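Peer 1: Mind looking over this structure? Questions follow.
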Amino acid sequence: MSNIDEYLKVLDLPPRASSDEVKRAYRDLVKVWHPDRFTGDPSLQRKTQEKLKEINVAYDNIKACMKTSAAAELSYASEHDSSAADAYVLNLLDCILEILEKRLSGPEAGSLADKYGLTGDDTDTYEYLNRTVAAYFALNDGLLEDVAEEYDVDEKDIERFAIKMDIAAAMISGKSFSAAAKAFMVRDIAEPEMSGRFLIIAGRLLKVEACW
């Protein structure tokens with residue numbers, strides 16, 4: 001039995017439970033075992049404190065395990081051509097960075113959409129990619145769960161993009177791809193995905209973020 005299965009067992013969950021099932025189980029158990037329910041019995045309250053500590057440790061470890069494996073399970077627009085989707089994301093980032101670097105607004109900013117070809121035949125796919133990138137930029141302002149809900153995207157897609165940016169930052173600072181990927185415990189992001197163009201864009205983004 002793997003470590004994550006042991007932690008899931010603490011939450012009374014079967015192996016391979018979904019993230020939503022984990023959240024629900026955790027919230028329910030916190031309500032059941034909260035020490036404030038047993039203020040009249042100090043001995044029982046101490047026992048519930050220990051149980052709640054065990055539940056919290058299990059939940060934190062499950063979240064960490066799921067975050068590590070998220071990149072190995074998902075890719076952008078899995079039902080569509082990934083190379084087209086990746087190219088679109090890079091064009092979108094280029095457009096956003098030009099707006100930020102030149103401090104453009106209004107019609108000037110709007111005109112860049114045509115310049116970078118930010119339209120596509122598969123409207124739903126490209127709108128989803130737009131929201132995913134927007135959610136990544138919004139991460140500093142809120143929790144992953146809240147941002148994903150606000151932008152109506154999968155948490156794991158935001159995480160995967162954020163991990164790619166972390167790897168890019170490590171590579172820009174001098175690490176090799178393999179060393180950077182190992183540092184972030186990533187197995188499925190391939191070196192070709194970290195193309196020269198992506199690294200250039202990531203470098204520009206880091207400079208812009210430093211000025212925010």
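The values are calculated or read from the model by the stated rules, or taken from the named source; none is laboratory data. All of these numbers come straight from a predicted model, not from anything done at the bench. Don't worry about glycine lacking a Cβ; one is built from the backbone with ideal geometry, like all the others, and counts go over all protein chains shown.
Peer 1: For the range 160-170, check the following and say yes or no: at least one residue is in the same structural domain as LEU100 (by TED's automatic domain parsing) and either among the hydroxyl-bearing types (Ser, Thr, Tyr) or farther than 26 Å from ARG131 by Cβ (or both).
Peer 2: Yes, the conditions are met somewhere in the range 160-170.
Peer 1: Right, here's the next one. Give the residue that is nearest to ASP86 (Cα to Cα), with candidates limited to residues of the range 150-166 that are aliphatic (A, V, I, L, M) and more than 8 Å from the chain's Cα centre (by Cα).
Peer 2: MET165
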